[in-house]
Amino acid sequence: GSSPCCETFTGTAHWSEDYLDCGGTKQSPVNVDAAQAIFSPDLRPIQLSGYSLPANKLLKLKNNGHTVVLELPESLALTGGYAQQYRAVQLHLHWGSPSGPGSEHTVNGRRFAAEIHVVHYNTKYDSFTEAMVHPDGLAVLGAFLEVGHGENQYYHEIIKHLPEIQEVGQETLVPGFNIAGLLPANLKFYFHYNGSLTTPPCYQTVKWTIFNQTMLLSHRQVCQGNELLAGSLPASPCNWYRCPVPVICSSCGSQRR
Ligand SMILES: NS(=O)(=O)c1c(F)c(F)c(SCCc2ccc(C(=O)O)cc2)c(F)c1NC1CCCCCCC1
Ligand SMILES: [Zn+2]
């Protein structure tokens, strides 16, 4: 197993001292036990509308110190799979690091190289910040990223800009593209549960959709994602060689400045 320093590396136990909901009973992420999942015919395929953006629509991409966030226009809407309409706010990625793979959810205990979250809010509320505090306020679509053979052209649209936002707080503009390409082609098979934001304030107001089909990226693309925040992670007592390193980035050849 990994050395003890790797477990203490990102302790979240202290969050609930400052944010009450972080100590709640419906906290995300969770491990999905596929054997205990119940098939529900009421759950309809997820339908996306307005996800294909023209290149002249520029989107802000920001390194906020925890992840890379792509701000999304409200013209992107969830029109199927949820009882109410939700509109997009932002998407962000949970990348791996030397202490382990980056997905937040696990399936049968399996952790994936990375995970994308597309965050939406319920349009019955006036704004995202208003929706964020209501149990049906947020809908987050999640998909797992794995290392496959070829380069993923849709993820390339984001990854190619990462060198421009290596420092915390930096942001850049990304030309629009088909955001649906970042999610699986098959939107019919997914796990659905009521949970929370996975970061403070941990509000228990997220209706989660975790797709069954995974996204395949090249080894180099996953390395580039992992290395984005490596420079801004808190100094770790770990020595990298002592932590389980699922994706060896030394072979990437992408030098970090
Ligand atoms: N998985 S998740 O959706 O809970 C999530 C995380 F796990 C996250 F880790 C994050 S980033 C950490 C929180 C954060 C930090 C800085 C800024 C900023 O400078 O703008 C913003 C947020 C992160 F941004 C999100 N998504 C956010 C939740 C934080 C508050 C509302 C903003 C939209 C969704
Ligand atoms: Zn997230």
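All of the numbers you see were taken from the coordinates with simple rules; none came from a lab. None of the values given here were measured: they were computed from a predicted structure. Here the Cβ positions follow ideal geometry from the backbone for every residue, glycine too, while neighbour counts run over all protein chains shown.
Summary table below
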| item | result |
| --- | --- |
| Normalised convex hull volume, the stretch 59-120, alpha-carbon set, Å³ per residue | 96 Å³ |
| Reachable lysines, given that their alpha-carbon falls under 28 Å from the alpha-carbon of Lys160 and they are not under 8 places away in the same chain | Lys57, Lys60, Lys62 |
| Packing-based ranking, highest mean first, of 42-55, 203-216, 169-182 given that Cβ atoms within 10 Å are counted | 203-216, 169-182, 42-55 |
| In order through the stretch 94-103: 3J(HN,Hα) via Karplus (6.51 cos²θ - 1.76 cosθ + 1.60), integer Hz, x for Gly, Pro | 9, 8, x, 7, x, 8, x, x, x, 5 |
| Estimated FRET transfer efficiency when R0 is 35 angstrom, pair Val133-Thr79 (beta carbons, to 0.05) | 0.90 |
| Gyration tensor (alpha-carbon) shape descriptor, the stretch 59-203, a/c threshold 1.5 | rounded |
| Shape call, the stretch 1-120: gyration tensor on alpha carbons, a/c limit 1.5 | oblate |
| Estimated vicinal HN-Hα couplings, Hz - the stretch 46-56 in sequence order (Karplus 6.51, -1.76, 1.60; Gly, Pro = x) | 6, 10, 9, 10, x, 7, 8, 9, x, 4, 7 |
| Residues whose placed amide H lies under 5 Å from that of Leu59, excluding near-sequence neighbours | Val174, Gly176 |
| Three-way shape label, the stretch 124-200, alpha-carbon gyration tensor, a/c 1.5 | oblate |
